[in-house]
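The values are calculated or read from the model by the stated rules, or taken from the named source; none is laboratory data. Computed from a prediction, not measured in an experiment: that's the story for all the values here. Quick reminder, even Gly has a Cβ in these numbers, built from the backbone with ideal geometry, and neighbours come from all protein chains shown.
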Amino acid sequence: MMKPGILVSLLLSLSLLAGCAPTQKGPSYADARNNPFIPANHQAAEALLGQLNGKLGGSNMLIATLVNIDALERSSTLGRLVSEQVSARFTQADYHMVEMKFANSVYVLQNQGEMMLTREVQELASQHSAQAVIVGTYGDSKDFVFVNLKVVQPGTNVVLAVHDYALPLDDNTRAMLRNRRY
C-alpha cells in the first residue's frame, strides 16, 4: 500500500504537469490576417485587370457567383466568396460592379460542351449598360480546387480576359465547398 505522503506528492506532481500542457486555442486575428485565401483571389483579379489593361475602366460590369464546373446550377460558399473578393478588387480599380444573384446558372451548354452566357445574363447586361461580365467555375480534386475566371463580353460571348489558379484543398476550403447551394 502507498504511503499518504507519496500519494499526495504524486497527485501534486500530476496536477502541476497538467498545468504545463499546451492549451488548444482557436485561430487568432493574426492567423486570419495572414490567411492566403483573400490574397490569392485578389491576385487573380489583378491578373484579369492586367489583361484588360484599362480597356473597360470606369464602365459597368456584372459579376456572377462562381459555379461548380461539374454542376453548373450549383455553387457554394467558396464560389460566393471568390466572386465577392474579385468584385471588391475590380471596384477598387474604378469599375462599377453590379452583382448578379441568380438561382440558376449564368451559363448554358451549347454543342460540344461549350459554355455561353444565358439570355437572362445578356439582358441584364444590356439593362445595366455593362460592357463585360465576370464569370467563373471551380472544380475540386484530391488536393486542390482549380478556379477559372473569365471576363466575357455580353452579346458576343468574346472572352476579353481569363485567369486560372489553384487553391489548396485544406480544412477551410473543404468547409466552404460543403456549404453548397442548389
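Quick rundown of the values:
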{"quantity": "Residue, nearest to the chain's Cα centre (by Cα), within region 79-116, restricted to residues that are basic (Lys, Arg) and modelled with pLDDT of 90 or more", "calculated": "80"}
{"quantity": "Residue within region 132-150 that is modelled with pLDDT under 90 and closer than 22 Å to residue 45 by Cβ present", "calculated": "no"}
{"quantity": "Scope region 133-182; condition in a strand (DSSP E or B) and of a type in the set (Asp, Glu); matching residues", "calculated": "140, 164"}
{"quantity": "Enumeration of residues in region 48-60 that are buried (at least 16 other Cβ atoms within 10 Å of the Cβ) and assigned to a helix (DSSP H, G or I)", "calculated": "48, 49, 52"}
{"quantity": "Test: residue 8 is at pLDDT 95 or above, among the aliphatic types (A, V, I, L, M) and assigned to a helix (DSSP H, G or I)", "calculated": "no"}
{"quantity": "All positions within region 51-67 that are out of contact with any helix residue (DSSP H, G or I) (no Cβ under 7 Å at 6 or more places or on another chain) and either of a type outside the set (Gly, Ala, Ser) or in contact (Cβ under 8 Å) with a residue 40 or more places away in the chain (or both)", "calculated": "51, 52, 53, 55, 56, 59, 60"}
{"quantity": "Tally, over region 137-182, of residues that are free of Cβ contacts under 8 Å to residues at least 12 places away in the same chain and among the basic types (Lys, Arg)", "calculated": "1"}
